[in-house]
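Beneath this line is the structure, given in structure tokens, with notes to follow.
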Amino acid sequence: MTTLFRAQTLDTPDDPFTGGALRSDSDAGLLVEGGVITDRGAFPALRAKHPHADVVELPGGVLLPGLVDTHVHFPQVRVIGALGMPLLEWLDRCALPEESRLAEVSYAREVAAEFTTALLAAGTTTALVFGSHFASAVDTLFEAATASGLRVTSGLVVSDRLLRDDLHTTAERAYDEGRALADRWHGTGNSRYAVTPRFALSCSDDVLAACGQLHKDLSDSWFTSHINENVAEVATVGTLFGGGSYLDTYDRHGLVGQRSVLAHNVHPTDAELKRLAAAGASVAHCPTSNAALGSGIFPLHRHLAHGVPVALGCDVGAGTGFSLFKEGLQAYLLQRLSGTDGVALTAAHLLHLATAAGAQALGLRDQVGDLSIGKKFDAMWVRPQSGTPLDIGMRHAAGPDDALAKVFALGTPYDVARVWIDGRQVSANN
């Protein structure tokens, strides 16, 4: 099927952190064939060139690339908004009791449906997802993602200490269950497998070694976990492992490389940043979660100075919602409060962090992240309801950059009118 989309488009094919600029087309035509953008240009010229293509008119609003979330927890959708606690207390009181409930397959299936629907409604088309401690629940996630079309990289979460007993496993079981899940789902449709120890705090060297072996045996698998999120957590990890850095606990098992995405990294050492950069590993910046849990302000300037790739994650449920617009705004606000250490972020930077940077972190930059020829048509149409503050702001914006700034300042999932993955519409709001 050949479809010609007509819309105002905004994307960042070139990285604004290295001199790139926002690309804006006020009346663009995007020709989509087989889910891929095969031609692009001014709509009148493209229409003349492809007179028989079906036309989809998207008047008003703006067409953006689908958002890419590099850190979100599938089991935590029902505990969003539990405020007033630091990380470890929040885990004990809120997250872990809820995660235990996913042992029941019917419950896990309900949560998986809510989770995938919420991601799509927020305009997220690709996500690196923390799965569940239960293999059966991870199956339900992959099933729901496959049905929806979402590009999901996920896996079994493993731990063997300091959590609830029902969330603990063994090194042998962690390997065997992870391998079985990967055999079923890795490379099936838009699904890929990620080796996922919860964090070094809750994983012995034996379990981390099993994770390292699984990551090695699955040559194109991904690795994700948490790092340096909370000062108390970092100190405890140091004690448990007899010194050394948090990153060392993963690195000694071959888990730090180009297919690694570590969440938070609020309190890194310079040596850790140097090693992350050398390995080509990426960091998922989760600003609303960092603020809600009081974890600290992310040192973006230090990551950029060391050349560590950074993308955005919503970190539901410590994060306060699925919208990467909110995460981008929070990232901007916290950098504004960082004084001379703050990075001067523009709307183009925020869009890049929410799209192309995430695609790069997940090894999908050749497929998604912008609206260029040759990319998959993963896209979202932001068209606010008439009379809302975002509608008013966009109609009176001084230019494309200003309009995009208003999207990040005011946009919510309710302003996401339609979402496409591989050229197929997967969500519609208005």
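The values are calculated or read from the model by the stated rules, or taken from the named source; none is laboratory data. The model shown is predicted, which means the values in this text are computed figures rather than measured ones. Cβ coordinates were reconstructed from backbone atoms using ideal geometry, including for glycine residues, and neighbour counts include every protein chain displayed. For the accessible areas, the whole protein counts, side chains as well, though only heavy atoms, and no ligand, DNA or RNA atoms are used. Shrake-Rupley method; radii C 1.70, N 1.55, O 1.52, S 1.80 Å.
Taken about its Cα centre, the chain carries a charge dipole of about 760 debye when Lys and Arg each add +1 at the Cβ and Asp and Glu each add -1 at the Cβ. Atom-type composition of the exposed protein surface of the chain places 52 percent of the accessible area on carbon and sulfur (1.4 angstrom probe). Within the chain, DSSP assigns beta bridges of which about 45% are antiparallel (rounded to the nearest 5).
Bridgeable lysines around Lys375 (alpha carbons under 23 Å apart, same-chain partners fewer than 8 residues away excluded): Lys49. Here region 242-258 is scanned for amide nitrogen atoms under 15 Å from the site 7 Å beyond the Cα of Ala271 along Cα-to-Cβ, giving 242-252.
From the square roots a ≥ b ≥ c of the eigenvalues of the alpha-carbon gyration tensor of region 86-234, which class results: rounded (a/c under 1.5), prolate (a/b over b/c), or oblate? Since a/c reaches 1.5 but b/c is at least a/b, the shape of region 86-234 is classed as oblate. Compute the whole-percent fraction of alpha carbon pairs in region 88-140 spaced more than 17 Å apart. Tail fraction, whole percent: 43.
Based on alpha-carbon centroids, what's the gap between region 223-262 and region 22-45 in Å, whole number please? Centre-to-centre distance over Cα atoms comes out at 43 Å.
Work out the FRET efficiency for Ala103 and Ala428 from their Cβ-Cβ distance, taking R0 = 30 Å, and round it to the nearest 0.05. Write down the numbers at each step before the final one.
On the way: r = 34 Å, r/R0 = 1.14.
With R0 = 30 Å, the Cβ-Cβ based efficiency is 0.30.
Starting from the Cα gyration tensor of region 156-221, take the square roots of the eigenvalues, sort them a ≥ b ≥ c, and report rounded, prolate or oblate (rounded when a/c is under 1.5, otherwise prolate if a/b is larger than b/c, else oblate). Taking the square roots of the gyration eigenvalues as a ≥ b ≥ c, region 156-221 is prolate.
Normalised per residue, the accessible area of the chain is 36 Å², obtained with a 1.4 Å probe and no contribution from ligands, DNA or RNA. Centroid-to-centroid, using Cα positions, region 273-322 and region 178-206 are 21 Å apart. Measuring nothing but alpha carbons in region 19-141 and taking Rh as the Kirkwood radius, the Rg to Rh ratio lands at 1.16.
Projecting label points 7 angstrom from Cα along Cα→Cβ for Met85 and His396 puts them 4.4 nm apart. Take the Cα radius of gyration of the chain and divide it by 2.2 N^0.38 Å, N being the number of residues; the result is 0.95. Over the Cα atoms of region 193-255, the radius of gyration divided by the Kirkwood radius equals 0.97; this is the Rg/Rh ratio.
Here region 1-158 carries DSSP beta bridges of which approximately 50% are antiparallel, counting only pairs with both residues inside.
The separation of region 413-429 from region 83-145, counted between C-alpha centres, amounts to 22 Å.
Let me have the relative contact order for the chain, percent, based on Cα pairs under 8 Å that are six or more residues apart. Computed value for the chain: 20 percent relative contact order. For region 112-155, the Kirkwood radius over C-alpha pairs fed into Stokes-Einstein at 20 °C and 1.002 mPa s yields D = 209 µm² per second.
Principal axis analysis of the Cα atoms in region 316-416 yields extents of 37, 36, 31 Å, listed in decreasing size. Computed from point charges on the beta carbon alone (+1 for Lys and Arg, -1 for Asp and Glu), the dipole magnitude for region 281-430 about its Cα centre is near 120 Debye. Sorting the Cα pairs of region 279-326 by distance into bins of 10 Å, from 0 upward, gives 26, 50, 24, 0 percent per bin.
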